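Read through the structure below, which is laid out as structure tokens, and then see the notes.
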Amino acid sequence: MNQEQYNFSFEVYNSIAELSPEDAKLVTEARKVTANAYAPYSHFNVGAVAQLKNGQTVTGTNQENAAYPVGICAERVLLSAAATLFPGIAIDTLAISYDNKNGKSDHPISPCGICRQTLAEYEERVKQPIRLVLSGQEGKIYIIKKASQLLPLSFGGEDMK
């Protein structure tokens, strides 16, 4: 038997003030766009903003529905919009934030499993890593160099050939 290990490193910033101006702008916009979320059931508004390789930005917010679980996460709303509006254009950086109306929003959150799979496949499709910047409305911020790092041993298109 062999034992293998998976690990990755990520950057941790204490606040938005420590970020580059470009990253700070994306985080600010992600925090702001949470107001556009439709989350009347969970009261957990999520916003995402992507900087594309062509210089354009795309936003997305979570959209809930009374017929659970047919809502859609902010990350997948954003990826769908980016693929539709800018087909084949890679995403350079994707900032994700949230506003928890039931509690605190003071630490980074990470994409759910479905979004991790979708992000990994988007990276595979456009042959470019997506850099993630994760935050709350305040507090620490995480930067992950490649979204697919969040989904080790993933299942993808290559597995179906």
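Bear in mind these aren't lab numbers, they're just calculated from the coordinates by the rules spelled out. Remember, it's a predicted structure, so these values are computed and weren't measured experimentally. Every residue, glycine as well, gets a Cβ built from its backbone with ideal geometry; the counts of neighbours run over all protein chains shown.
Within 10 Å of each candidate Cβ there may be at most 16 other Cβ atoms; applying that plus a DSSP loop requirement, which chymotrypsin sites (Phe, Trp or Tyr not before Pro) in segment 1-55 survive? Here the sparse-neighbourhood loop sites are Tyr6, Phe8, Phe10, Tyr41.
Result for the chain in a Gaussian network model with C-alpha springs under 10 Å: among Glu18, Glu123, Glu138, the largest mean-square fluctuation is at Glu18.
In terms of its Cα atoms, the chain spans 47, 39, 39 Å along the principal axes, sorted from long to short.
Considering only Cα-Cα distances, which of the following residue pairs are longer than 27 Å: Lys53/Lys145; Lys32/Lys104; Lys101/Lys127; Lys53/Lys161; Lys127/Lys161; Lys101/Lys146?
Exceeds cut-off: Lys101/Lys127; Lys53/Lys161; Lys101/Lys146.
Working note: Cα gyration tensor of segment 97-136, eigenvalues times five, square-rooted, sorted largest first, giving semi-axes of 26, 11, 6 Å. The trypsin sites (Lys or Arg not before Pro) found in segment 27-114 that occupy coil by DSSP, while having at most 16 further C-beta atoms within 10 Å, are Lys53, Lys101, Lys104. The Cα center of segment 73-149 and the Cα center of segment 41-58 differ in position by 7 Å. Could you identify which residue out of Ala35, Ala81, Ala66 has the top mean-square fluctuation in a GNM of the chain using Cα springs shorter than 10 Å? Its mean-square fluctuation being the largest, the pick is Ala66.
Per-residue 3J(HN,Hα) values for segment 122-136, derived from phi via the Karplus relation 6.51 cos²θ - 1.76 cosθ + 1.60 with θ = phi - 60°, read 4, 4, 4, 5, 9, 6, 9, x, 10, 7, 9, 10, 10, 8, x Hz in sequence order (x marks Gly and Pro). Taking amide H as placed 1.01 Å from N in the peptide plane, the amide H of Tyr98 sits under 5 Å from that of Gly47, Gln137, each at least 5 places away or on another chain. Loop-located chymotrypsin sites (Phe, Trp or Tyr not before Pro) in segment 69-161 (DSSP state other than H, G, I, E, B) with a sparse environment of at most 16 neighbouring Cβ atoms within 10 Å: Phe155. Among Ile91, Ile143, Ile72, the residue with the largest mean-square fluctuation in a Gaussian network model of the chain, with springs joining Cα atoms closer than 10 Å, is Ile72. Compared with the alpha-carbon gap, the fully stretched path from Cys112 to Glu11 is longer by 34.4 nm at 0.36 nm per residue.
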